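Worksheet for the structure shown next.
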Amino acid sequence: GSFDCTLRVWDVASTRCLQTLKGHRDRVWCVVALSRCRVASGSLDRTLRVWDCVNGTCLGVLAGHTREVRCVVSLKDDVLASSGDDRSIKVWDLATYKCTRTLSGHGHFVTGLAVLADGRLASASHDRTLKIW
């Protein structure tokens, strides 16, 4: 994560910073690469942001978590899942930047998400459980 509340886009060949993405109000804890030169980031400010990596603009803010966001994954092209300290997993539609579903069932922070080969979502929690959705 980033403790200065930013994300940086780097040119690996030249090791030059191309963009500094600013907008989060607290540390950035997670990031996932998306199609069309976009990334999504999750922050301790309880939001996710979707960014255009070419021009450095924030395309949308996903608000709905009541505690810190710890993990974000891409389920398919314009669908994200996020989790965090509010014990929930939220599914987001990037066409509308709205939460379409909230998955509940963990008894503690949800700190890990993974997309399985068959498309299902796996979540790991501080409650010492792994759930398949």
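The values are calculated or read from the model by the stated rules, or taken from the named source; none is laboratory data. From a predicted model like this one, the values you see are computed outputs, not experimental measurements. Backbone-built Cβ (ideal geometry, glycine too); neighbour counts: all protein chains shown. What goes into the accessible areas is simple: the full protein's heavy atoms, side chains included, and nothing from ligands, DNA or RNA. Shrake-Rupley method; radii C 1.70, N 1.55, O 1.52, S 1.80 Å.
Looking at segment 51-78 only, could you name the residues that are outside any loop (DSSP other than H, G, I, E, B) and either in contact with an Asp or Glu (Cβ under 6 Å, 6 or more places away or on another chain) or among the basic types (Lys, Arg) (or both)?
Residues satisfying the conditions are 59, 70, 76.
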Legend entry - Extreme residue, nearest to residue 66 (Cα to Cα), among residues of segment 108-118 that are open to solvent by less than 50 Å² (accessible area, probe 1.4 Å) and small (Gly, Ala, Ser): 112
Inset, instruction - Check off (1) in contact with a His (Cβ under 7 Å, 6 or more places away or on another chain); (2) surrounded by fewer than 17 Cβ atoms within 10 Å (Cβ to Cβ) for residue 105 and give me the number that stays unchecked. - result: (1)
Inset, instruction - Report the residue count in segment 113-131 for those that are part of a loop (DSSP other than H, G, I, E, B) and either in contact with a Gly (Cβ under 7 Å, 6 or more places away or on another chain) or on the phi > 0 side of the Ramachandran plot (or both). - result: 3
Inset, instruction - Might you let me know whether segment 7-30 holds any residue that is part of a strand (DSSP E or B), within 13 Å of residue 62 (Cβ to Cβ) and not acidic (Asp, Glu)? - result: yes
Legend entry - Where residue 121 falls short, out of the listed (1) within 16 Å of residue 30 (Cβ to Cβ); (2) among the aliphatic types (A, V, I, L, M); (3) open to solvent by 70 Å² or more (accessible area, probe 1.4 Å): (3)
